[in-house]
Amino acid sequence: MTPPRLCTFRSIVAGLATGLVTLSAGLAAAAVVGRPTQVAVTPPAATSAEQAKNAYRRPPSIPFPADNPFTQEKLRLGRALYFDTRLSLSSAQSCASCHNPAFGWGDGLAKGVGHGMKPLGRRSPTVLNVAWGSIFMWDGRAPSLEEQALGPVQSPAEMNMPIATLLERLDAIPDYKPLFAAAFPGEGITPLAIGRAIATYERTVVSGWAPFDSWIEGDDRAISASAQRGFGLFVGKAACSNCHAEWNFTDDSFHDIGMPDPDLGRGAFNKVAVKMKQAFKTPGLRDITRRGPYMHDGSLATLAAVIEHYDTGGVARPSRSDLMKPLGLTAQEKADLIAFLETLTGDAAPAPAPILPR
Ligand code: HEC
Ligand code: HEC
């Protein structure tokens, strides 16, 4: 049984008390979550494996915050800004340079490359499914997408663009005026509007329907026997689900998983908690095959290398999570875990770049 294509499902609820929003054809298919068919109201008595599956079921709607509810106008403006290289001083880089739809919304590099081609300290994370995030950056230094968006624009290492220069530059591009006016009537071109529009666009970047989703909705042949065993290991012996929890496979929390790199991560902000030293935010795992190399430093090239890391338990030190320990996986179990991770890749085609304002 093949699930119906999600792009036919067009109405979503913009969560957190912002009411019902019907998205018109302007929204990319990738932005639509949920499933057009109904799930039984009274499910059969669940086994523990079934319960584990339930935790990973796709939510029916994208959450938008009450102070920045979804509108088509914000989406249109935010998409233009996201792809516009004129947001960088050199006019060479846009958000999409480092969070590129064609690279799983990352850049395919071990470390990002910033202004003047200088390498950054960490790998560019994906912006896929950030609508569900509650804290941002590998070290959690950004509290919201709205605030985060203006960080890379101004950062000398990244887009190196003083905000006053950016406002002047956008003001001189005639097509931007009506876009801002429609999205933020009477507000003009402001940093607040830029942050809100970009954040709105980012929230519509949602992973497509994956074979794993069909499987948890009851299609037993949607993924291989090996992948099904892999899921059993993921929530069982290997206990990956302790941290890679919920539908996007992250607890949105920080852990030291024993990577050898000396980067302090969350520990640079929280110097008191021993466990925050060298701790990084748990990344989501949906579409994970599309965005190696892995980890905050891009040091693990393949999923096989990631599994080897977990099998050894990583560097033992006081800050290492108590959830990390050598796993003693067999070759078959490692293969099963990889087969499972591969079923998380969805069917959404990379979002096309828009025609930019002139
Ligand atoms: C030069 C490459 C580069 C550019 C350009 C760039 N980013 Fe990033 N982005 C990064 C890197 C690297 C990080 C992680 C930095 C860290 O955690 O220390 C990051 C982190 C993020 C995150 C946090 C994701 C998460 O899950 O925590 C978001 C969201 C984001 N960027 C959005 C944007 C937006 C929006 C723009 C454009 C305004 C942008 N980025 C421009 C490289 C870039
Ligand atoms: C203690 C919490 C924890 C456990 C248990 C855990 N992870 Fe992770 N995982 C993380 C964190 C934190 C990172 C990012 C670490 C970094 O970048 O240094 C990560 C990174 C990853 C990545 C790379 C993602 C990316 O985008 O770079 C993969 C793949 C992954 N984990 C899979 C697994 C699998 C499979 C298991 C079980 C064998 C597992 N994890 C167990 C917390 C955990």
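The values are calculated or read from the model by the stated rules, or taken from the named source; none is laboratory data. This structure is a prediction, so every number in the text was calculated from the model and none was measured. Backbone-built Cβ (ideal geometry, glycine too); neighbour counts: all protein chains shown.
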Helices (runs of 4 or more DSSP H) enclosed by the range 94-186 - at least 3 residues per element that are surrounded by fewer than 21 Cβ atoms within 10 Å (Cβ to Cβ), more than 9 Å from ligand 1 (Cβ to nearest atom) and more than 24 Å from the chain's Cα centre (by Cα) = 163-171, 176-183
ask   = Would it be correct to say that GLY232 is more than 16 Å from ligand 1 (Cβ to nearest atom) and closer than 28 Å to ARG122 by Cβ?
value = no
note = Residues in the range 308-343 that are within 10 Å of ligand 2 (Cβ to nearest atom) and closer than 25 Å to PHE136 by Cα total 9
query = So is ASP251 touching a His at 6+ places or on another chain (Cβ under 8 Å) and within 14 Å of ligand 1 (Cβ to nearest atom) or not?
reply = yes
Flag for ASP263 being modelled with pLDDT of 95 or more, buried (at least 19 other Cβ atoms within 10 Å of the Cβ) and either acidic (Asp, Glu) or over 30 Å from PHE180 (Cβ atoms) (or both) = no
inquiry  = Residue pairs, Cβ under 7 Å, 6 or more apart or interchain, first in the range 188-217 and over 30 Å from ILE338 (Cβ atoms) and part of a helix (DSSP H, G or I), second among the polar types (S, T, N, Q) and at pLDDT 95 or above. List them.
reply    = ARG196/ASN68; ALA199/ASN68; THR200/ASN68
request  = Identify all residues within the range 268-289 that are of a type in the set (Gly, Ala, Ser) and either surrounded by fewer than 14 Cβ atoms within 10 Å (Cβ to Cβ) or in a helix (DSSP H, G or I) (or both); write none if there are none.
outcome  = ALA268, ALA273
task = Look at ILE198 and say whether it is surrounded by 15 or more Cβ atoms within 10 Å (Cβ to Cβ), under 20 Å from the mean Cα position of the chain (by Cα) and within 16 Å of ligand 2 (Cβ to nearest atom).
result = no
query = Looking at the range 250-257, is at least one residue more than 10 Å from ligand 2 (Cβ to nearest atom), in contact (Cβ under 8 Å) with a residue 12 or more places away in the chain and surrounded by fewer than 19 Cβ atoms within 10 Å (Cβ to Cβ)?
reply = yes
query = Is it fair to say GLU308 is more than 16 Å from ligand 1 (Cβ to nearest atom) and under 21 Å from ALA110 (Cβ atoms)?
reply = yes
query = Of the residues THR343, THR330, THR302, which is surrounded by fewer than 17 Cβ atoms within 10 Å (Cβ to Cβ) and closer than 18 Å to GLY232 by Cα?
reply = THR330
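Residues checked against (1) on the phi < 0 side of the Ramachandran plot; (2) free of Cβ contacts under 8 Å to residues at least 60 places away in the same chain; (3) not acidic (Asp, Glu):
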residue	(1), (2), (3)
ASP263	yes, no, no
LEU285	yes, yes, yes
MET295	no, no, yes
GLU333	yes, no, no
inquiry  = Whether any residue in the range 38-48 is buried (at least 20 other Cβ atoms within 10 Å of the Cβ) and either at pLDDT below 95 or under 22 Å from the mean Cα position of the chain (by Cα) (or both) is what I want to check.
reply    = no
